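Below you'll find the structure, written out as structure tokens, and then a few comments.
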Amino acid sequence: MTGSFDDITYNQLSQSYTINNINVSKLDIGDYELSVTISQNNYSDVTQGIPFVIRPHGTEILYVPPESIPWGLNISTIRIWFHDTDNITNYPLILESNVKINETGENLAFGSLSQTGNSYFINDINVSWIKTSGTYSLNISIIAPSAKYYSASTIIHFTVRKHQTELIYTPPDKIPWGFNLSIDFQFHDLDNDSYPVLQRSQIRINETGVNSSFALTGASPDYTLSNINVSWNLIQGTYYLNVSIVPNTSLYDSTSRLIAFVVRAHTSELLYDPPSKIPWRENTSLLIQFKDTDDNLKEESMVLPDDKSTQETIMEFQKYLENQ
């Protein structure tokens, strides 16, 4: 073959010449030979065959690491670039059939390959069979779309996480002082929109540093925390319980809620026996009973509060009798 070149430079130290920028750009992949002839006055011509090889361009896969995914779900997308390392501005075109994904020796299916500019999105990669949180890896290969490029592969690491959860509850009704509390709730899987099964040992209830005793009733999705021991709260007001769900499994994250509840006064009523007719200018006695309607207990002996308003009420009643 006859080829053009730019110029020749001489290195005096090594007493050698360099033939610069020999034009072989139109050659396809393969083995070739350059025939170099040197002609110089007072010397015979000399010709030397110099073999050389035109190879495919080197390539690499660039990518954006995928976000962590919940176990049991697919990787929604991984963004990649098929990059020509010999011509750094070049990104060769590829087809879906050029992409292979391999993990633990098996080819993994994916939904589709879409293109945006020089990048591609591998969509819906099937890793739903992974049921344990942890770090895993995918070997993504791109089979060269033509003989002008080498194939490339890369290892992409991804994280499978626990499912995120939340505690959904119904605000409890006000309770009388001295009573226990009940709370209706659900344990919700946010990633799968489901309601995992719970056991009592997975629940913690804490109020101002004291663990409260309780019972768990119901079945998924509707549970009740019943007989929560807050009977020592004898003062009316608003209190808080920190309710935590701590699954003893690698499948679900723990969750907790600060739940407010109100301790109220006991409701009561006044019972009395109607007095008999009273002779004028005579005093009388009135039998009354003070009933706690929350405890459903009837007090046999009446103790009036020793306060000014009660005393004034009795005095007014006495004056009324004296004036009749």
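Below, the figures for the structure above:
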read-out: Order of PHE187, PHE179 - criterion: other Cβ atoms within 10 Å of each residue's Cβ, fewest first; value: PHE179, PHE187
read-out: Cα centroid separation, segment 83-138 to segment 158-198 (Å); value: 38
read-out: Where N is the number of residues in segment 59-161, Cα Rg divided by 2.2 N^0.38 Å; value: 1.07
read-out: Calculated P(r) tail over 39 Å for the chain, as whole % of Cα pairs; value: 58
read-out: TYR195 long-range amide H proximity, modeled H, under 5 Å; value: ASP189
read-out: Cα gyration tensor of segment 165-264 - equivalent ellipsoid semi-axes, whole Å, descending; value: 25, 13, 12
read-out: Under 13 Å, Cβ to Cβ, from ILE54 - net charge with Lys/Arg +1 and Asp/Glu -1; value: -1
read-out: The chain: most fluctuating residue of PRO279, PRO65, PRO176 per GNM, C-alpha cutoff 10 Å; value: PRO279
read-out: Most fluctuating residue given options THR59, THR18, THR224, as computed from a GNM of the chain linking Cα atoms under 10 Å; value: THR18
read-out: Choice from SER44, SER244, SER119 with maximal GNM fluctuation in the chain (Cα, 10 Å cutoff); value: SER44
read-out: Other-chain or far-sequence residues with amide H under 5 Å of LEU108's (modelled H); value: ILE101, ASN102, GLU103
read-out: Length-normalised contact order of the chain in % [C-alpha pairs under 8 Å, at least 6 apart]; value: 11
read-out: Full-stretch length increase - LEU258, VAL64 - with 0.36 nm per residue and alpha-carbon distance subtracted; value: 66.0 nm
read-out: Crossing angle, helix 308-322 versus the chain [Cα axis fit, 0-90 degrees, rounded to tens]; value: 30
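Taken together, the values in this text are just the output of simple stated rules run on the coordinates, not laboratory data. Keep in mind that this is a model prediction, so the values were computed, not measured. With ideal geometry, Cβ positions are generated from the backbone for all residues, glycine too; neighbour counts draw on all protein chains shown.
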